[in-house]
Amino acid sequence: MRLSVEGTLVVPMTVVVSDKAVKCKTIRLEDISTGQMFEARANAKAGEYVVINELASRATLIDGKGVEHQVTYQMLHDTSASNYRKLEELDAELQAKLNAESLESQSD
């Protein structure tokens, strides 16, 4: 099981599902494997920011019905700076959670 954290975005992000716009405020950020991280980096196109690709590969939007939607590079690129800062906060929270888990497993 991968560790993850959930939070609420400042500005809802919109996902298009069956030609219908769905606004999502809940987002989950999860830990990924090294292979997944390098795959996200490899998928970066010329002119794209690697850090946004990595973050998109770790982020999942959750709509009001609980349906999950993968975040894309373009969605993060175009979102509010406030949302990006929220994702940075969630990333720091996830890192703290990973560190705590690591310390806990060392004491076993």
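The values are calculated or read from the model by the stated rules, or taken from the named source; none is laboratory data. Keep in mind that what you see is a predicted model, and the values were worked out from it rather than measured. For neighbour counting, all protein chains shown are included, and Cβ atoms are generated from backbone atoms with ideal geometry for every residue, glycine included. To get the accessible areas, we keep the full protein, side chains included, count just its heavy atoms, and leave off ligands, DNA and RNA. Shrake-Rupley method; radii C 1.70, N 1.55, O 1.52, S 1.80 Å.
Taking the conditions (1) surrounded by 13 or more Cβ atoms within 10 Å (Cβ to Cβ); (2) more than 16 Å from Leu3 (Cβ to Cβ); (3) in contact (Cβ under 8 Å) with a residue 40 or more places away in the chain in turn, Asp91 satisfies each one other than (2).
The criterion of being within 13 Å of the chain's Cα centre (by Cα), surrounded by 17 or more Cβ atoms within 10 Å (Cβ to Cβ) and part of a helix (DSSP H, G or I) holds for Ala40.
Kindly indicate the residue of segment 44-53 that is touching a helix residue (DSSP H, G or I) at 6+ places or on another chain (Cβ under 9 Å) and of a type in the set (Val, Ile, Thr) and also least open to solvent (accessible area, probe 1.4 Å) among those meeting that condition. So that I can check it myself, show each step before the final result.
Within segment 44-53, the subset touching a helix residue (DSSP H, G or I) at 6+ places or on another chain (Cβ under 9 Å) is 44-45, 48-50, 52-53.
Subset that is of a type in the set (Val, Ile, Thr): 50, 52.
Values: Val50: 62, Ile52: 21 Å².
Step by step, filter segment 44-53, then rank; the result is Ile52.
The single condition among (1) closer than 18 Å to Ser33 by Cα; (2) within 16 Å of the chain's Cα centre (by Cα); (3) surrounded by fewer than 12 Cβ atoms within 10 Å (Cβ to Cβ) that Asn99 does not meet is (2). With respect to the numbered conditions (1) without any contact (Cβ under 8 Å) to a residue 12 or more places away in the chain; (2) in contact with a helix residue (DSSP H, G or I) (Cβ under 8 Å, 6 or more places away or on another chain), which one is the sole condition not fulfilled by Ala56? The one condition Ala56 does not meet is (1).
Yes or no: segment 60-67 includes at least one residue that is hydrophobic (A, V, I, L, M, F, W, C), free of Cβ contacts under 8 Å to residues at least 24 places away in the same chain and not in a loop (DSSP other than H, G, I, E, B). Checked against the condition, which is being hydrophobic (A, V, I, L, M, F, W, C), free of Cβ contacts under 8 Å to residues at least 24 places away in the same chain and not in a loop (DSSP other than H, G, I, E, B), segment 60-67 yields no hits at all. Report the residue count in segment 1-36 for those that are touching a residue at least 40 places away in the same chain (Cβ under 8 Å), more than 21 Å from Tyr84 (Cβ to Cβ) and touching a Lys or Arg at 6+ places or on another chain (Cβ under 9 Å). Residues flagged as touching a residue at least 40 places away in the same chain (Cβ under 8 Å), more than 21 Å from Tyr84 (Cβ to Cβ) and touching a Lys or Arg at 6+ places or on another chain (Cβ under 9 Å) within segment 1-36 amount to 1. Val67 passes every criterion in (1) open to solvent by less than 80 Å² (accessible area, probe 1.4 Å); (2) in contact with a helix residue (DSSP H, G or I) (Cβ under 7 Å, 6 or more places away or on another chain) apart from (2).
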